[in-house]
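J.: Starting off with a structure, shown below.
Taken together, the values in this text are just the output of simple stated rules run on the coordinates, not laboratory data. Keep in mind the model is a prediction, meaning the values are calculated, not measured. We place every Cβ from the backbone using ideal geometry, glycine too, and count neighbours over all the protein chains shown.
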Amino acid sequence: QSVLTQPPSASGTPGQRVTISCSGSRSNIGSNPVNWYQHLPGTAPKLLIYSKSQRPSGVPDRFSGSRSGTSASLAISGLQSEDEADYYCESWDDSLNGWVFGGGTKVTVL
Amino acid sequence: EVQLFESGGGPLQPGGSLRLSCEASGFKLSFYAMHWVRQAPGKGLEWVSSVSPTSDNIFYADSVRGRFAISRDNSNNMLYLEMSSLRAEDSATYYCARDRDQYGTFDYWGQGTLVTVSS
């Protein structure tokens, strides 16, 4: 059971918008930055979104993040086949004194 | 170019010990906090441990505290994870990751090294 809760799967057709939620608590998302990662099996995870919806260089602006209270979300607009991957949210937890990940959401492009 | 390369993984029996290494290149290791993150087969990412740039702040996940020890050698651009009293549930691919801002923003990751604990 992960400290941060994500839906196990999400899907959409090419061009659609897909949103992934990440639910936490006051000790993590409620008081600390949230980061999002994309992970393709057999490869190194990739930072997608950090801090206040910032994107590292090279990440398309189709990816955006937001946070409200103790929840955060990642939106992928204009879904493309190469977006098929696992997506994870992550944050610091003040109670656990450590970093925590969501359980991951597998995005499928139909 | 920033690169991280993990090594040291392999098969071993429960109760055994192993040291993982992560060689950093393309940046000055002493400027960054570093982390170990693992992924068990078929599972999600799990943060394991972190060390600040000068090793004065070290954190561990509850699942490994007392059994794992993180360390670094900035002069040789190396990060380590000493693992002991290994259990089947420690079987995973272990990634080292750079923290861009000491707030747990993992901006570069290695390709990982696989640890398999089985009798």
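J.: If the requirement is being within 12 Å of chain B (Cβ to nearest Cβ) and part of a loop (DSSP other than H, G, I, E, B), which of these qualifies: A:Ser25, A:Ser57, A:Ser91? Reasoning before the result, please.
T.: Details: A:Ser25 fails: within 12 Å of chain B (Cβ to nearest Cβ); A:Ser91 fails: part of a loop (DSSP other than H, G, I, E, B).
That would be A:Ser57, the only listed residue that is within 12 Å of chain B (Cβ to nearest Cβ) and part of a loop (DSSP other than H, G, I, E, B).
J.: A:Ile49 is checked against (1) in a loop (DSSP other than H, G, I, E, B); (2) in contact (Cβ under 8 Å) with a residue 12 or more places away in the chain; (3) β-branched (Val, Ile, Thr); (4) within 12 Å of another protein chain (Cβ to nearest Cβ) and fails just one. What number does that condition carry?
T.: Of the numbered conditions (1) in a loop (DSSP other than H, G, I, E, B); (2) in contact (Cβ under 8 Å) with a residue 12 or more places away in the chain; (3) β-branched (Val, Ile, Thr); (4) within 12 Å of another protein chain (Cβ to nearest Cβ), the odd one out for A:Ile49 is (1).
J.: Further, regarding this structure: Taking region B:95-116, which residues are within 14 Å of chain A (Cβ to nearest Cβ) and in contact with a helix residue (DSSP H, G or I) (Cβ under 9 Å, 6 or more places away or on another chain)?
T.: Within region B:95-116, the first condition is being within 14 Å of chain A (Cβ to nearest Cβ), and the residues that meet it are B:95-114.
Hit for region B:95-116 is B:Arg98, nothing else.
J.: Could you run through region B:33-73 and say how many residues are surrounded by 14 or more Cβ atoms within 10 Å (Cβ to Cβ), among the acidic types (Asp, Glu) and not in a strand (DSSP E or B)?
T.: The number of residues fulfilling the criteria is 0.
J.: If I filter region B:81-94 for residues that are under 20 Å from B:Gln3 (Cβ atoms) and within 14 Å of chain A (Cβ to nearest Cβ), do I get at least one hit? Break it down into steps so the answer makes sense when it comes.
T.: Going through region B:81-94, the residues under 20 Å from B:Gln3 (Cβ atoms) turn out to be B:81, B:93-94.
Among the residues that remain, those that are also within 14 Å of chain A (Cβ to nearest Cβ) are: B:93-94.
So far as region B:81-94 goes, yes, one or more of its residues are under 20 Å from B:Gln3 (Cβ atoms) and within 14 Å of chain A (Cβ to nearest Cβ).
J.: Output the number of the condition that A:Asn35 fails; it satisfies all remaining conditions of (1) within 12 Å of chain B (Cβ to nearest Cβ); (2) not in a strand (DSSP E or B).
T.: Condition (2) is where A:Asn35 drops out.
J.: Also, quick follow-up: Restricting to region B:37-57, and then to whatever is away from chain A (no Cβ under 11 Å) and not hydroxyl-bearing (Ser, Thr, Tyr), can you tell me which residue is farthest from B:Tyr103 (Cα to Cα)? Steps first, please.
T.: Taking region B:37-57 first, the residues away from chain A (no Cβ under 11 Å) are B:40, B:51-56.
Among the residues that remain, those that are also not hydroxyl-bearing (Ser, Thr, Tyr) are: B:40, B:51, B:53, B:56.
On the way: B:Ala40: 24, B:Val51: 12, B:Pro53: 13, B:Asp56: 15 Å.
This residue is B:Ala40.
J.: With A:Ala10, A:Ala44 as the choices, which residue is of a type in the set (A, V, I, L, M, F, W, C) and in a strand (DSSP E or B)?
T.: Values: A:Ala44 fails: in a strand (DSSP E or B).
Going through A:Ala10, A:Ala44 in turn, the sole match is A:Ala10.
J.: Under the condition of being within 15 Å of B:Phe106 (Cβ to Cβ) and β-branched (Val, Ile, Thr), which residue from region A:49-98 is surrounded by the most Cβ atoms within 10 Å (Cβ to Cβ)?
T.: The extreme case among them is A:Ile49.
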